[in-house]
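The structure under discussion appears below in the form of structure tokens.
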Ligand code: ADP
Ligand code: MG
């Protein structure tokens, strides 16, 4: 059955070379009970390892059923071990975290025994080695003798033709030793039994042959009971069967689950490592997206007005908000009112009263809003405005002083307003009402409320001055270039439609385009001509015909790309945001989203992205290092699985399943956690959470799967770096 011809094995580690065995010739047959003896270091184990396919050799040839083995691949050797050899080692080699039953069952599974049969067979084998009362005991709780019985039961599970035992009683007391040898003899009829022992007496009752090794060579090879050998001769006809046992995928999955649940601490550790990484990954992505969110709104301004009731909305595709869009936004139960051309809301107007004698009297900074949104009962003094020149102002209690010791001291004061252009410079407003700013929800900033018509005028002028550009195509040129930003318009009916006058341009006719951020508003021809309107030195001043002016204003008024919703209740903001986002809008809540001091430039985004990705890389590295450490603890178990016949591929799949199992539960957990967080958090953290997109979750899934794949590759590679023999020796 097994034949060695001049087989030699040399160990070389670095510069040290030692001989394992040399020029060994042997022929072994089924039915033999062979005792291999010799002093320590003589080469017994080396011989046994080569015979049983645990180790390779350099010289000579070993035949298994007449098949040459010197060219066997790792898989071929695995297959040989798996099918024909049952192993019993001195140090037991059972998986301590598994029960007795599981240890045997796994071996059956790896041999392709179907599930239904496995149970019956495992119980039968365990009974056979006398451990039926220990069936469910964890292997770590067994005595040495009992462990060795489990090993024997496991070795028998594949009904191997060869039993290879390397000092199986080396760690046992003499009574247990006797029992184990008896058991081995009992269960090994018709098999080739190879027992390495330094105490021949132990096996003398049963041995049919003794091989004595000395210094790597066979010094004695003697038959003890001739009769047995003749009996087994016919079985020599067996040929080497290269067919691999069919192990069902469910078996491998079962193995990985057993592995996960039999060492819960280790599994929980992996779980948390991957969980932490996943959480960081998502939060980092969310924070990144939250930062970018502001620039999603078409006018990528920073919103100065961070009124907590304010919510800025545009369409995801940045198209014009249709009437039905506006109706929908207006109809939301949380909407108080809507401000179109809401850029004016960010304008921080200085309201001041200047006294020619005493200098500045007072100066208040307020945002601009329409008085149509306030009620008489909001006022602490005065009334609502009735004309363009009347305003209501918010005053905080802190700003009251000796001269203005009461809210009502501000009533009937005439104030100027500092504006964005010089068109409004000398306009005076009379304060007719006062609101106590301290009682309003807005933290520091308050409003100056204008009569609605005046508010509309201010709003339009602000839009024209900030968001409308003049482009010019000089005669003879083919391209327009930007001449200025902002427009202060004067109307003069001396001009015809399509004509315009401006400061600072030459007499030659030039084409002019008036444009806002969304496109062209008007095409005109510049006409140099003295006009009745005095436009002073205002660079942006522009004189138009009435028709063109109306046209321009109409176009602007009918195009809303962005509006502000003022909410009835600021605590509903995130809820409304979710609703709107799912209905195809972009939403910025300035009070929540724009707390950062800096502008979101590409550079900042880049740095942030870099930090995020480098952190992710770092955490992968940490996981790698930590797991490398834990590979050591797994190595023992994996080696055992290998000796009982599991292949490299199966182990890799087992790892893949384990990590996939952990990965997918982590993933599920994260998804549920984030849904919960989205529902129950508020403020900045909430907006970070809600900034995470569906795509991000998919990306996370991909990353987790990728990491799992890499980890199982890594694990398998580490585990299989050495031959089984080498790894076992290291243990
Ligand atoms: P035994 O089992 O009889 O005690 P071994 O077969 O283990 O002997 O060892 C035979 C010889 O091979 C010894 O000289 C030993 O030092 C050497 N040897 C065994 N394993 C290794 C190894 N992994 N590396 C180097 N030398 C080894
Ligand atoms: Mg040895």
Pop a pseudo-label 7 angstrom from the Cα along the beta-carbon direction at both residue 411 and residue 115 and give the gap in nm to one decimal.
8.7
How far is helix 100-110 tilted off the main Cα axis of the chain, in degrees rounded to 10, range 0 to 90?
80
With an 8 Å Cα cut-off and a minimum separation of 6 or more residues, compute the relative contact order for the chain in percent.
15
Using the count of nearby Cβ atoms within 10 Å as a rough guide to exposure, how do 220, 32 rank from fewest to most?
220, 32
With 10 Å as the cut-off, how large is the P(r) tail for the range 1-40, expressed as percent of Cα-Cα pairs?
77
Return a whole-number percent for the relative contact order of the range 27-130, with Cα pairs under 8 Å and 6 or more residues apart as the contact set.
15
Once the Cα atoms of helix 144-156 and of the chain are each reduced to a long axis, what angle between those two axes, in degrees from 0 to 90 to the nearest 10, is obtained?
90
Taking only Cα atoms, what is the 0 to 90° angle, nearest 10, from helix 694-719's long axis to the longest principal axis of the chain?
20
In the range 257-274, whose amide N lies under 20 Å from the spot 7 Å out along Cα-to-Cβ of residue 140? List them in ranges.
257-272
Sort all Cα-Cα distances of the chain into consecutive 10 angstrom bins from zero, then give the percent of pairs in each bin up to the one containing the longest distance.
2, 11, 15, 14, 10, 8, 7, 7, 8, 8, 6, 3, 1, 0
Let me have the 222 nm mean residue ellipticity of the chain computed from DSSP H runs of 4+ only, each contributing -39500 (n - 2.57), with the sum over all residues rounded to the nearest 500.
-13000 deg cm²/dmol
For the range 1-142, the convex hull over Cα atoms projects on average to an area in nm² of 11.0
Which of the three applies to the range 75-167, rounded, prolate or oblate, going by the alpha-carbon gyration tensor with a ≥ b ≥ c and a/c under 1.5 meaning rounded?
oblate
Can you put 671, 563 in order, fewest other beta carbons within 10 Å first?
671, 563
Using the alpha-carbon centroid of each, what span in Å lies between the range 144-201 and the range 610-631?
46
Roughly what % of DSSP beta bridges within the chain run antiparallel, to the nearest 5?
70
Classify the range 336-400 from the C-alpha gyration tensor, please: rounded if a/c falls under 1.5, else prolate or oblate depending on whether a/b exceeds b/c.
prolate
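Values in this text are rule-based calculations from the coordinates and carry no lab data. Not measured: the values here are computed from a predicted model. A quick note on method: Cβ atoms are made from the backbone with ideal geometry, for glycine too, and the neighbour counts reach across all protein chains shown.
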